[in-house]
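Structure first, commentary second.
The values are calculated or read from the model by the stated rules, or taken from the named source; none is laboratory data. None of the values given here were measured: they were computed from a predicted structure. Glycine gets a Cβ as well: all are built from the backbone with ideal geometry, and neighbour counts include every protein chain shown. Side chains included, ligands, DNA and RNA excluded: accessible areas come from the protein's heavy atoms. Shrake-Rupley method; radii C 1.70, N 1.55, O 1.52, S 1.80 Å.
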Amino acid sequence: MAQDSILNEKSLDFLEKYLNNASPTGYEWEGQKIWMDYLKPYVDEFITDTYGTAVGVINPDAPYKVVIEGHADEISWYVNYITDNGLIYVIRNGGSDHQIATSKRVNIHTKKGIVKGVFGWPAIHTRKGAKEQAPTLENICIDVGCSTKEEVLALGVHVGCVITYPDEFFILNGNKFVCRALDNRMGGFMIAEVARLLKENKKELPFGLYITNSVQEEIGLRGAEMITQTIKPDVAIVTDVCHDTTTPMIEKKTQGETKIGDGPVISYAPAVQNKLRELLIDTAEDNKIPFQRMASSRFTGTDTDAFAYSNGGVASALISLPLRYMHTTVEMVHREDVENVIKLIYESLLQIKSGETFSYFD
């Protein structure tokens, strides 16, 4: 498969639209509609569940089932407390970073529409050097331009409203994709591209393929935990992001060494089924797809864990996309890595045989 056949103009238009749409944990449905609309020509049917996970299915009647999966949600904030003078204090919805919040613009999602606000912060002139406070959940707050709690409530803002950042997609230096929420809408994008390539290249699979975009990963793998019970797959190949550990202030001795531009990252972990992992590695080597290796300890921290330990055990593996500045508004990935993750999943699917157990005892 030629390199220039991976991403086309339609793909990139979809990526930009998909990333720019807000999809906070628990409120993923608008993003899922965009994703399903793009995927529709390439699948036979869809499965959805009550919490918003969406699955495009190819060969739905096949008894042997293979999942390729990413997750759809992004980190965000909840309105937690509104002061009498109209300031808003927040709690996390997922792993939102309080240290990057100050001076950021925000969108507060209400039934009346988006309410704009800012995370304010005291001017440097008013802060005392040795006693200077760092941002914490207790001292960061949002200003929506109101002077009373009643004004805030009149805008439609109330406790429980979800808050996202408005930062949008752009391309840096020709080959770096930058946006908030690349973790992990890039996963949803890449598995959709795999489905497109299968259709355009007229590939017939000997199994049912379940292209799965799960919700609520950021708060405990909950969407994957639910949908795996619905699908009951035989195999799951999960894609998520991992850290580029070559940027400042990251210790490679503890975090390992992975870098954007050096290819997909294949994980070693108890949840990763060894023979399925070796199929991925063999496929990468046979197709000259560059890849990196990463070791996890007790768990991967991704939806791989939810699939692997479900339904009596599902052969599962993890392909990660190296990413810089995770859980910030300037997450960054390399276009070549994106293309190579797509290629690796695509080519690996062509190697899986219906009925394969990946057991060492066969």
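List of remarks:
- In degrees, nearest ten, helix 29-39 long axis to first principal axis of the chain (Cα): 30 degrees
- The simple spin-label model puts a point 7 Å past each Cα toward its Cβ; for THR254 and GLN229 those points are separated by 3.6 nm.
- Distance from the C-alpha centroid of region 322-356 to that of region 263-291: 11 Å, rounded to the whole angstrom.
- Backbone N atoms of region 292-336 closer than 15 Å to the 7 Å Cα→Cβ label point of GLU16 are not found in any residue.
- Among THR283, THR136, THR126, residue whose mean-square fluctuation peaks in a GNM of the chain (springs only between Cα atoms under 10 Å): THR126
- Spatial offset of region 13-61 relative to region 174-225 amounts to 9 Å, using the alpha carbon center of each.
- Accessible surface, per residue, of the chain when the full set of protein chains is kept, probe 1.4 Å, Å²: 45 Å²
- Neighbour count of at most 15 Cβ within 10 Å plus DSSP loop: longest GluC sites (Glu not before Pro)-free window in the chain: 1-131
- Counting only alpha carbon atoms, the long axis of helix 222-231 and the longest principal axis of the chain meet at about 30°.
- Rounded to the nearest Hz, the phi-derived 3J(HN,Hα) couplings of region 260-273 under the Karplus curve 6.51 cos²θ - 1.76 cosθ + 1.60 (θ = phi - 60°) are 5, x, 9, x, x, 10, 9, 9, 10, 6, x, 6, 8, 6, where x marks glycine and proline.
- Over region 145-218, the reciprocal of the mean inverse Cα-Cα separation, the Kirkwood hydrodynamic radius, stands at 16.8 Å.
- Each residue, THR148 and LYS112, gets one label point 7 Å from its Cα in the Cβ direction; the gap between the two is 1.4 nm.
- Neighbour cut-off at most 12 other Cβ (10 Å), DSSP loop, trypsin sites (Lys or Arg not before Pro), region 253-362: LYS288, ARG298, LYS353
- For region 300-362, the carbon plus sulfur part of the accessible surface works out to 51%, probe radius 1.4 Å.
- Entry for Rg and Dmax of the Cα atoms in Å (calculated from the structure that is shown) out of (1) 21.3, 65; (2) 20.0, 60; (3) 21.3, 71: (3)
- Filter on LYS288/LYS353; LYS65/LYS288; LYS202/LYS252 - keep pairs with C-alpha separation over 32 Å: LYS202/LYS252
- Extension reserve of the PHE46-GLU30 stretch, reckoned as 0.36 nm per residue once the Cα distance is removed: 4.2 nm
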